[in-house]
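Here's the structure, in structure tokens; my notes come after.
The values are calculated or read from the model by the stated rules, or taken from the named source; none is laboratory data. The structure displayed is predicted, hence computed values, not measured ones. In this analysis, Cβ positions are derived from the backbone assuming ideal geometry, glycine residues included, and neighbour counts consider all displayed protein chains. Only protein heavy atoms, including side chains, enter the accessible area calculation; ligands, DNA and RNA are left aside. Shrake-Rupley method; radii C 1.70, N 1.55, O 1.52, S 1.80 Å.
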Amino acid sequence: METDVTCDVVVIGAGPGGYAAAFRSADLGRRTILVEKASILGGVCLNVGCIPSKALLHAVAVKDAALDLAEHGIRFDAPTVDLERLRGWKSNVVSRLTGGLARMAKMRSVEVWQGHARFVSDRRLEVTDEKGQRRSLGFEQTIVASGSAPIPLPFAPDDDRIWDSSRALELRYVPQRFLIVGGGIIGLEMATVYASLGSKVDVVEMSDGLMPGADRDLVRVWEKRNMARLGSVLRETRVTSMDAREDAVWVTWQDKNGVTGEARPYDAVLVAVGRSPNTRDLGLDAAGLVANAKGFLAVDKQQRTSVPHILAIGDVTGQPMLAHKATHEGHVAAEVAAGLARGFDVRQIPSVAYTDPEVAWCGMTESEAEVRGIPYAKAVFPWLASGRALANDRADGMTKLLFDPDTHRLLGGAIVGVQAGDLIGEVALAVEMGADATDLGRTIHPHPTLVESIGLAAELFEGVCTDLPPARGK
Ligand code: FAD
Ligand code: NAD
């Protein structure tokens, strides 16, 4: 084993940002080494994030849809859940993908080093593998893609009934009384899974609303279906203590007026209060790098940090912490490192909560337009008027488009309903291409589909929609 190697590009971290950067860099003909401290590639997204959560969400969505058919005369026996098989299936999906990555790295001659990377200077890293063996790795450029980790609650005791998202995805058991602290996307996706598997789920959220970032009219549609499935959903409430006793984890919280309720017992507690960047153990000082107060690395449009030959991508660079943003930045960074004229220059980054119903948005949101005082005109197509949504017996949805009132250009859009996460792709493309209401409204969409609702919302804006009653005054 060589102990002192030099290459063109080192990528630190093999998540969706890091592996995309390393593969693109190798495709551009540069000698690239990918350093990953875990023994499996794929980062949070593939191993303990996007993919396992979507596998579980898919399973419970199909189960719930099958049960809903009773309304239409197709009745199944009450389902039994074999947790071990469900767990096994989820792990199989993950390992197919992570195994594929390892093979693709080989095909591209991307060398993978297992180990923890730490800067010893601005041109050299020390990589320590799981046996404690150290190797020195010099580089012309490096791309930091070390990702993020869950933020723990400082007062939470060390107890295996207090979970972070990775633990929740292990699906060890279905707690009867389950508390989720944090009503963000992780909290609500996990609430969807565990409530469907039979837990009584309570949610405690510090701010005045669930699902931060999404417009409130969309969240209300989500709430209509979910409030009856969940136990208590407390907003403007802060958990203040957790006591891990033999019988249960006893939790207390305080409302916005500072009133503390009685302690309540839970069989498991998921803490999903956000994530913080993995920058603490990188030896940033040695490279002349300084993270901001929250630990993120600031970058310019070329993904360069304050040290120009050190680039950074993905969660480590800040919000939004999303896999598709990390991958896009990974391609930009690899191309910039190879000397190409490239920058991160996008009009939108889509967000999706894969709950039931799904909530998705991209470009300008209505709340953002209001806060920033940006003029907009909106069109909302209710799914109650969509033949396909009715045929699916899921008319609980809507498609909202926001337009520039002068140019009629699409500024952004949001969709709540089943498959909203897939549907938002068309809105994303339209925002990116600078499409206007006529482009969308005159595009012939297939019928009967949910994606039609995007064309119909644009027609509504143009005043030419014939699928809804005429606007008053016409
Ligand atoms: P990561 O995926 O965090 O990868 C970083 C890698 O770097 C890790 O493998 C880590 O081991 C390695 N590393 C760290 N430090 C070092 C070091 N010093 N040396 C070597 N290696 C190091 N996003 C979506 O877009 N859609 C979703 O549906 C979605 N679902 C999610 C569900 C859950 C439960 C969670 C937790 C997250 C989800 N996310 C989702 C967010 C998404 O997973 C992240 O935004 C994405 O993984 C970030 O990619 P990354 O490459 O920046 O970092
Ligand atoms: P988040 O920031 O989205 O939500 C955390 C929530 O916890 C917020 O609503 C916040 O107000 C609340 N909170 C914070 N401290 C609290 C406290 N002490 N008590 C009660 N509530 C508290 O974070 P997350 O849900 O942990 O997700 C982390 C990251 O992962 C996000 O950036 C998200 O974008 C990403 N993610 C994305 C997806 C997806 O794209 N489908 C899925 C999961 C996670």
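Of note:
- Accessible surface of the chain [probe 1.4 Å, protein heavy atoms]: carbon and sulfur percent: 52
- Computed on the Cα atoms alone, the convex hull of the chain gives a volume of 184 cubic angstrom per residue.
- Packing, taken as the mean count of other beta carbons within 10 Å per residue, orders the peptides 28-41, 174-187, 67-80 from highest to lowest as 174-187, 28-41, 67-80.
- Karplus-derived HN-Hα couplings along region 33-43 (A = 6.51, B = -1.76, C = 1.60, θ = phi - 60°), whole Hz, x at Gly and Pro: 10, 10, 9, 9, 6, 6, 7, 10, 7, x, x
- Rg then Dmax, both in Å and based on the Cα atoms of region 162-273: 13.4, 42.
- Calculated mean residue ellipticity, 222 nm, the chain: -9500 deg cm²/dmol, from DSSP H runs (n ≥ 4) at -39500 (n - 2.57) each, averaged per residue and rounded to 500.
- Computed packing ranks the peptides 409-417, 5-13, 201-209, 128-136 as 409-417, 5-13, 201-209, 128-136, most packed first, by mean other Cβ atoms within 10 Å.
- Restricting attention to region 162-273, close to 45% of DSSP beta bridges with both partner residues there are antiparallel.
- Remark on residue 113: its backbone amide H falls under 5 Å from those of 34, 35, 36, a criterion applied only to residues 5 or more positions apart or on other chains, H modelled at 1.01 Å from N.
- Bridge type composition, the chain - antiparallel percent by DSSP, nearest 5: 60
- Solvent-accessible area per residue in the chain equals 48 Å², computed with a 1.4 angstrom probe and all protein chains kept.
- Here the 3J(HN,Hα) profile of region 281-288, calculated from phi with Karplus coefficients 6.51, -1.76 and 1.60 at θ = phi - 60°, is 9, 9, x, 4, 3, 4, 9, x Hz, Gly and Pro shown as x.
- In this structure, the amide hydrogen of residue 303, modeled 1.01 Å from its nitrogen in the peptide plane, lies closer than 5 angstrom to those of 344, counting only residues at least 5 positions away or on a different chain.
- Region 190-204 - phi-based ³J(HN,Hα) in whole Hz, Karplus 6.51/-1.76/1.60, Gly and Pro as x: 6, 4, 4, 5, 6, 5, 5, 7, x, 6, 8, 9, 9, 10, 10
- If the segment from residue 170 to residue 155 were pulled out straight at 0.36 nm per residue, it would be longer than the present Cα-Cα gap by 3.1 nm.
- Subtracting the Cα-Cα distance of residue 471 and residue 220 from 0.36 nm times their residue separation leaves 87.9 nm of extension gain.
- Segment residue 97-residue 290, extension gain: residue separation times 0.36 nm, minus the distance between their alpha carbons: 66.0 nm
- In a DSSP loop and with at most 16 other Cβ atoms within 10 Å, the trypsin sites (Lys or Arg not before Pro) in region 198-300 are 229, 235, 245, 256, 280, 294.
- Comparing Cα centroids, region 293-358 and region 169-206 end up 30 angstrom apart.
- Per-pair calculated FRET efficiency, R0 = 35 Å: residue 54 and residue 433 via Cβ, rounded to 0.05: 0.80
- Amide proton proximity set for residue 261, modelled H, under 5 Å, gap of 5+: 253, 255
- For region 17-35, the residues whose backbone nitrogen is under 17 Å from a point 7 Å from the Cα of residue 107, taken along Cα to Cβ, are 19-29.
- The modelled label-to-label distance between residue 76 and residue 120, using points 7 Å beyond Cα along the C-beta direction, is 5.8 nm.
- The per residue volume of the convex hull around the alpha-carbon atoms of region 27-181 is 186 Å³.
- Grouping the Cα pair distances of region 351-462 into 10 Å bins from zero gives a pair-distance distribution of 16, 51, 29, 4 percent in increasing distance order.
- Pairs beyond 28 Å (Cα-Cα), from 54/325; 200/378; 37/106: 200/378
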